[in-house]
1. Using 1/(1 + (r/R0)^6) with R0 = 22 angstrom and r between the beta carbons of Glu86 and Thr58, what's the FRET efficiency to the nearest 0.05?
2. At most 10 other Cβ atoms within 10 Å and a DSSP loop assignment: could you name the GluC sites (Glu not before Pro) in segment 69-142 that fit?
3. Could you derive backbone 3J(HN,Hα) for segment 92-101 from the dihedral phi with the Karplus parameters 6.51, -1.76 and 1.60 (θ = phi - 60°), listing whole Hz in sequence and x where the residue is Gly or Pro?
4. Would you grab the residues whose amide H sits under 5 Å from the one on Phe71? Only those 5+ places off in sequence or on another chain, please, with H modelled 1.01 Å from N.
5. Could you derive backbone 3J(HN,Hα) for segment 110-115 from the dihedral phi with the Karplus parameters 6.51, -1.76 and 1.60 (θ = phi - 60°), listing whole Hz in sequence and x where the residue is Gly or Pro?
6. Using a 10 Å cut-off on Cβ atoms, rank the peptides 90-97, 55-62 from the highest mean neighbour count down.
7. Counting only protein heavy atoms and using a 1.4 Å probe, what share of the accessible area of segment 76-115 belongs to carbon plus sulfur, as a whole percent?
8. For Leu53, which sequence-distant residues (separation of 5 or more, or a different chain) have an amide H within less than 5 Å of its own amide H, given hydrogens modelled in the peptide plane?
Amino acid sequence: MLATHDLDGDFFCLARTVMGQKPGTPTFLQKGSRPVVAREREVAKTEAINALLIRPITILPARVVDPIRPFARGLWNDIRLLLKPEVSVTALRKALATYVHSRSYQIAIARPGSFHHAVNGEPVEPVSDADHLDALEKYEGFKGRADRTRLPPPAPKDRRNPHRETQACAVALRQSQADCDLHA
């Protein structure tokens with residue numbers, strides 16, 4: 001298991017270093033950063049979850065700017081008891097999965113000093129270092145997907161010169177190596 005401190009006393013700096021990432025801490029991981037708050041997207045997800053239940057659960061944000069609170073372990077069992085009789089467990093599981101696998105929820109878990117919360121919204125226990133690290137890895141996965149979607153579309157193949165694509169790759173590789181040498 002990783003130690004929870006490094007030379008700067010910052011667990012997340014160590015975690016990012018171990019994961020092979022550049023030093024520097026995202027804003028949401030800095031000590032004293034504001035809580036993660038719901039946006040319209042998260043509120044829509046929570047409304048969908050609450051529509052499946054006999055009564056709304058207060059751990060979920062009800063409006064924009066309400067805080068996103070990490071679920072306590074075993075909360076699924078408490079929520080499942082509130083399921084409307086005509087709704088399938090699978091529908092609830094999918095709706096909850098959409099919420100808890102969201103970027104905002106993962107950021108809420110990764111924040112230093114975050115707590116797991118009961119179904120009524122009350123803090124139960126601090127989020128463990130392992131959960132912090134897991135959420136940070138998921139967040140980095142979101143960033144990786146976002147970076148890949150911003151890549152320019154591939155150039156159309158030149159049918160007259162079949163080696164042109166290979167030549168373009170070689171030029172791009174040399175350029176990226178030169179860029180890396182500049183930043184080293």
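1. Efficiency for this residue pair is about 0.40.
2. Those that pass, being in a loop and sparsely packed, are Glu86.
3. Calculated HN-Hα couplings, in order: 5, 4, 5, 5, 5, 4, 4, 6, 6, 9 Hz.
4. For Phe71, the qualifying residues are His117.
5. Result, ordered by residue: 6, 4, x, x, 6, 10 Hz.
6. On the way: 90-97: 14.9, 55-62: 17.2.
Ranked from most to least packed, the peptides come out as 55-62, 90-97.
7. Of the solvent-accessible surface of segment 76-115, carbon and sulfur hold 57 percent.
8. Here Lys84 satisfy the definition.
The values are calculated or read from the model by the stated rules, or taken from the named source; none is laboratory data. Just so it is clear, the model here is predicted, and its values are computed rather than measured. In this analysis, Cβ positions are derived from the backbone assuming ideal geometry, glycine residues included, and neighbour counts consider all displayed protein chains. Areas reflect the complete protein model, heavy atoms only, side chains present, ligands, DNA and RNA absent. Shrake-Rupley method; radii C 1.70, N 1.55, O 1.52, S 1.80 Å.
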